[in-house]
1. Picking from A:105, A:93, which residue would you name as being in a loop (DSSP other than H, G, I, E, B), closer than 21 Å to residue A:201 by Cα and within 12 Å of chain B (Cβ to nearest Cβ)?
2. Filter the stretch B:102-128 down to the residues that are farther than 16 Å from residue B:168 by Cα and either crowded, with 19+ Cβ neighbours inside 10 Å or touching a His at 6+ places or on another chain (Cβ under 9 Å) (or both) and list them by number.
3. From the set of residues in the stretch A:122-140 that are hydroxyl-bearing (Ser, Thr, Tyr), more than 9 Å from every other protein chain (Cβ to nearest Cβ) and in contact (Cβ under 8 Å) with a residue 12 or more places away in the chain, which is farthest from residue A:151 (Cα to Cα)?
4. Out of all the residues in the stretch B:247-290, which are among the small types (Gly, Ala, Ser), more than 22 Å from residue B:62 (Cα to Cα) and more than 14 Å from chain A (Cβ to nearest Cβ)?
5. Would it be correct to say that residue A:85 is in contact with a strand residue (DSSP E or B) (Cβ under 7 Å, 6 or more places away or on another chain) and in a loop (DSSP other than H, G, I, E, B)?
6. Considering only the stretch B:150-167, I want to know if a residue exists there that is touching a residue at least 12 places away in the same chain (Cβ under 8 Å), outside any helix (DSSP H, G or I) and loosely packed, with under 15 Cβ neighbours inside 10 Å.
7. So, in the stretch B:354-381, exactly how many residues are outside any helix (DSSP H, G or I) and either at pLDDT 90 or above or not hydrophobic (A, V, I, L, M, F, W, C) (or both)?
8. Just to be sure, is residue B:65 exposed (fewer than 15 other Cβ atoms within 10 Å of the Cβ) and under 30 Å from residue B:313 (Cα atoms)?
Amino acid sequence: MTDSHPVLELRGISKRFGAVQALYQVDFRVAAGEVMALVGDNGAGKSTLIKCIAGIHPADEGEVLFEGSPVHIHGPKDAARLGIEVVYQDLALADNLDVVQNMFLGREELDSFHRLDEVDMERRASKTLSDLSVTTIRSVRQTVAGLSGGQRQSVAVAKAVMWNSKLVILDEPTAALGVAQTRQVLDLVKRLADQGLAVVIVTHNMHDVFEVANRITVLRLGQNVAEFETKDVTQAKVVEAITAGSLSKVPGQADEVVV
Amino acid sequence: MSTAAGAEPTPGAAVAHERTSVADAARGWWQGVRAGDLGSLPIIVGLIIIAIVFQSQNSNYLTSGNFVNLIVQAAAYMTIGMGVVFVLLLGEIDLSVGFVSGVAGVMTALLLLDDGNAIGAIPAIIIAVAAGLAIGTFHGLLITKVGIPSFVVTLAGLLGWQGVVLLLIGDRGTVTLQDATVVGFANDFLPAATSWIVLLACVGVYAVTQISARMSRKKAGLPTEPDVLILVRVLGLLLIGAIIVAVANDDRGIPYVFVVLAVLYLFWTFVLARTRFGRYVYAVGGNQEAARRAGVNVDRVKIVVFAICSAMAALGGIILASRLRSVDTGAGGGQVLLYPIAAPVIGGTSLFGGRGHIKSAVLGALVIASIDNGLGLLGLSSGTKFVITGLVLLLAVTVDSLSRRRQAATGRA
């Protein structure tokens with residue numbers, strides 16, 4: 001599975017915010033049908049990296065290859081056009097809109113009179129949710145405000161996969177969830193990979209990583225420190241890489257102990 | 001039409017999952033109400049209470065003549081309030097609407113001044129509304145591109161446009177409107193038969209849209225409401241419309257401005273409910289960052305909203321000038337300053353953005369105008385009017401706030 005052609009490949013991505021070097025020469029790749037975990041401590045650059053991929057903060061330097069060909073992503077619409085969807089931890093949904101309205105936000109369908117085609121949108125939203133076996137939502141016309149954390153996350157994921165997307169990035173999908181709801185979301189993540197999508201999951205939770213991921217990329221202080229196959233590695237080893245992985249460039253500091 | 005709102009069950013009440021019976025629909029609506037999803041219920045109850053109180057104090061209140069007066073008095077607040085709804089939906093505020101309406105009213109009067117350079121009524125109205133659009137766009141650009149809070153921009157607008165009103169009027173003091181068309185807006189009436197024909201046509205169109213919407217949902221295999229509900233709504237609209245037309249015809253008839261209001265109401269309701277732009281207004285008001293990440297051009301939505309708000313204010317200013325048949329240095333001040341902002345809030349539009357409808361402006365303006373009109377009949381001073389209107393605003397916001405708390409407690413938020 002991991003040998004297949006990468007859907008997304010990043011080479012030498014760097015990003016500065018003023019004096020802060022948020023990312024330095026980061027490489028990253030994810031293939032179809034695999035779940036790649038992106039892990040690292042706070043401030044390691046995980047969020048910055050996914051924002052670069054999503055086009056929210058374009059990278060300063062480096063190459064982005066999508067399905068083998070170089071692309072430039074300058075905004076969320078560019079990313080969406082390529083088939084990249086990001087599910088943000090808490091910013092994905094508008095509470096005052098209903099499930100259908102949220103799933104189609106920014107990509108509403110219009111009928112021949114240029115009106116919103118509510119009937120078709122509702123049909124497609126219902127179908128996507130049932131394809132993903134999301135059965136806990138009572139009505140697709142209820143507002144998101146009334147949904148539980150797991151249901152919201154499911155809606156956000158369904159929103160992401162509805163567009164024939166090839167790569168889905170989940171930012172801390174289980175951070176705010178209870179045990180049963182975490183289970184619900186992790187099952188959903190596995191189903192996405194089974195359907196042939198490339199999935200990136202950003203998380204702090206080692207249990208989640210070992211539960212769903214095929215491979216693990218570790219960032220530390222904005223740099224790559226390790227990439228593991230999940231089956232070849234222990235939790236302790238990953239945690240060690242997160243906290244003390246070796247860096248290629250530490251301004252004004254001697255190199256640290258190599259893992 | 002504004003009256004349709006009262007006829008339909010509270011929108012946003014519990015959505016039925018499968019094809020439901022009338023009993024289920026009614027039960028769902030009642031559960032929604034008990035859980036704090038009150039919709040237009042409090043305001044309709046409020047209007048009834050107001051009517052009973054004033055009628056018991058002065059038997060001239062519930063007369064056909066006063067009813068027609070009420071429509072004309074509320075018209076400007078409704079028009080300006082519809083624009084304010086958009087701004088409130090974004091979670092922003094526009095304090096300048098009063099004097100923007102004043103600027104447009106004065107411009108119209110000056111353009112139609114019989115001094116040899118008068119232009120036609122239609123060009124004058126177009127120019128005044130275009131000025132409103134330009135003012136709103138200017139506000140919107142300052143808010144989005146420079147990043148000044150809308151409160152500050154429009155507070156400056158409140159001061160600045162008041163100055164423009166004074167400068168435009170100069171030492172004339174009062175400018176009389178001399179154009180029959182513009183004055184006719186608020187002072188001329190539809191022939192009785194025409195009103196009935198228009199009403200029947202509106203009800204017919206409403207019935208057809210309801211039925212076709214239902215059929216397309218059924219064809220797509222989606223849950224539908226019971227057929228009887230459609231019948232109830234259509235008959236409700238017919239009944240309320242018939243009462244309005246009959247009562248108005250008993251006096252002078254339906255004022256032309258009522259038709260203008262109905263068209264504006266339908267148009268903006270359509271824009272909010274059935275267009276992409278309308279959806280984006282709700283999305284930006286609900287979660288600006290989610291909208292931005294979904295690819296919505298948030299700045300453009302905001303600029304267009306402020307432009308709509310000021311253009312509607314301009315239109316309201318023209319309607320007000322038409323009713324008064326003149327403009328003076330006070331144009332856009334006094335009650336016009338804040339009543340149109342209070343109207344949508346009283347009608348249930350949230351100040352925090354994301355929740356509200358055009359009908360809130362209509363119902364809220366009706367409440368304000370009813371109180372104003374009733375207190376006027378009782379001969380109370382304007383000081384009393386302001387105090388009472390203030391208390392009603394407070395009451396409306398309290399009801400809203402309590403019902404929201406209840407919604408949060410029952411997980412409907």
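The values are calculated or read from the model by the stated rules, or taken from the named source; none is laboratory data. All values derive from a computational prediction rather than experimental measurement. Glycine also receives a Cβ, built like all others from the backbone with ideal geometry; neighbour counts cover every protein chain displayed.
1. Numbers: A:105 fails: closer than 21 Å to residue A:201 by Cα.
One residue alone meets the criteria, A:93.
2. Residues satisfying the conditions are B:121, B:125.
3. Looking only at the stretch A:122-140, we keep the residues that are hydroxyl-bearing (Ser, Thr, Tyr), and these are A:126, A:128, A:130, A:133, A:135-136, A:139.
Applying the additional criterion that residues be more than 9 Å from every other protein chain (Cβ to nearest Cβ) yields A:128, A:130, A:133, A:135-136.
This time we only want the ones that are in contact (Cβ under 8 Å) with a residue 12 or more places away in the chain, so: A:128, A:133, A:136.
Values: A:128: 14, A:133: 12, A:136: 7 Å.
Among those residues, the one meeting the criterion is A:128.
4. We begin by selecting, within the stretch B:247-290, every residue among the small types (Gly, Ala, Ser); these are B:248, B:253, B:262, B:273, B:278, B:283, B:285-286, B:290.
Adding the requirement that they be more than 22 Å from residue B:62 (Cα to Cα) leaves B:262, B:273, B:278, B:283, B:285-286, B:290.
If the condition is that a residue be among the small types (Gly, Ala, Ser), more than 22 Å from residue B:62 (Cα to Cα) and more than 14 Å from chain A (Cβ to nearest Cβ), then B:262 is the only one that fits.
5. Values: in contact with a strand residue (DSSP E or B) (Cβ under 7 Å, 6 or more places away or on another chain): yes; in a loop (DSSP other than H, G, I, E, B): no.
Judged against the criteria, residue A:85 is not a match.
6. no
7. Step one: filter the stretch B:354-381 for residues outside any helix (DSSP H, G or I), giving B:354-357, B:378-381.
Imposing the further condition that a residue be either at pLDDT 90 or above or not hydrophobic (A, V, I, L, M, F, W, C) (or both) reduces the set to B:354-357, B:379, B:381.
Residues in the stretch B:354-381 being outside any helix (DSSP H, G or I) and either at pLDDT 90 or above or not hydrophobic (A, V, I, L, M, F, W, C) (or both): 6 in total.
8. Working: exposed (fewer than 15 other Cβ atoms within 10 Å of the Cβ): yes; under 30 Å from residue B:313 (Cα atoms): yes.
Spelling it out, residue B:65 is indeed exposed (fewer than 15 other Cβ atoms within 10 Å of the Cβ) and under 30 Å from residue B:313 (Cα atoms).
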